[in-house]
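Notes follow once the structure below has been shown.
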Amino acid sequence: MLKKKLENIPLFAQLADDELEALAAISEIRKYSKDEAVFSEGDTGKDIYFLISGEVSIRKKISSGFKTIAVLREGDLFGEMSFFENAPRSAFAFASKECDILGIRGGAFENFLSDKPRQSFGILMKMLAISSARLRNMDRYFTMLYQTARIMTTCGSLEELAGKILSEIIDSMPVSGAALYMYNMFDEEYDLVSSVSAELAAQSIPREASFIAKLSEGKSVVAVNIKDVPGLCFFAPITDENGLIGFIGIAAENAPGHEDRILIGTVCNMISPVIVNLRTKQEELMKSRLQEKKWQL
């Protein structure tokens, strides 16, 4: 069974039967329950893992808690950074769904590669390519969070915040446009605050629109051909303690990948308290102006 699983992993596609048998001897498949940890940030160990079935999430500890930075799918390799660096785990991996994971013992895998220099070159180059792509994605993730935090501290109005955040999303992700909507309690609809390169974004969205119910549950929505929001294909909720107060919509040829959806969702969570603060200040200013006019009359 192990040999058959290894045959289906592209990394080992060029190995002969006897080499796969040797690799199977230093491997094992383990079942993980939902929310069970595979390894924690700071753990020692050089084992590498392949997700056979289910789903694994990679989380990174930051000042405000933990943030999901990647969601792995069937066939994905993980844990390879500690194998290359001989250093503690740099992130936390857990089963976000019940899953089967194939693990290869790190020290034994090193010996396996040493005994097969011709095959090991191709395997190591593929592993390095996977690690490089993952590092680029993590760098993009934290760069965008930093930029979002910087924008949050410099904006004096909701419109300014929206414009800058949407521009940052477009510059950082493979999307063609973005729009931010906020709930208008007087009209009971979501009004367009700002859009960047999303020419088809509607000026207002009725509260009864089909996708709003799911956003109200705090869930993002991937959908196309929604008549209320032509041109947008992904929606991430902006919530406060009272529920849904707005959302960001994305225009793209293809809906953003899972990691990009996580990133957009994180941005929405970050800007929510700032939006509430800016709206409160705006309301107070309007009340003050109305009061001044009242006294003038």
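General remarks:
- Among residues of the stretch 24-61 being aliphatic (A, V, I, L, M) and within 20 Å of E98 (Cα to Cα), the one that is surrounded by the fewest Cβ atoms within 10 Å (Cβ to Cβ) is A37.
- Hits in the stretch 110-148 (condition: of a type in the set (D, E, K, R) and either more than 16 Å from S90 (Cβ to Cβ) or free of Cβ contacts under 8 Å to residues at least 24 places away in the same chain (or both)): E110, D115, K116, R118, K126, R136, D139, R140
Rundown of residues vs (1) within 21 Å of F109 (Cβ to Cβ); (2) in contact with a Lys or Arg (Cβ under 8 Å, 6 or more places away or on another chain), yes/no style:
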| site | (1), (2) |
| --- | --- |
| E7 | yes, no |
| L11 | yes, yes |
| A16 | yes, no |
| E19 | yes, yes |
| R30 | yes, no |
| Y49 | yes, no |
| K60 | no, yes |
| F66 | no, yes |
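- Which listed residue is modelled with pLDDT of 90 or more, closer than 20 Å to N137 by Cβ and not aliphatic (A, V, I, L, M), from F109, F84, F66, F94: F94
- Residues that are charged (D, E, K, R) number at least 2 in the following strands (runs of 3 or more DSSP E) confined to the stretch 39-88: 56-62.
- Neighbours by Cβ (under 9 Å, 6+ apart or cross-chain): first from the stretch 11-36, touching a residue at least 40 places away in the same chain (Cβ under 8 Å); second among the hydroxyl-bearing types (S, T, Y): K34/S96; D35/S96
The values are calculated or read from the model by the stated rules, or taken from the named source; none is laboratory data. Because the structure is a prediction, the values reported are computed rather than measured. Neighbour counts are summed over all protein chains in view; Cβ atoms, including those assigned to glycine, are modelled from backbone coordinates with ideal geometry.
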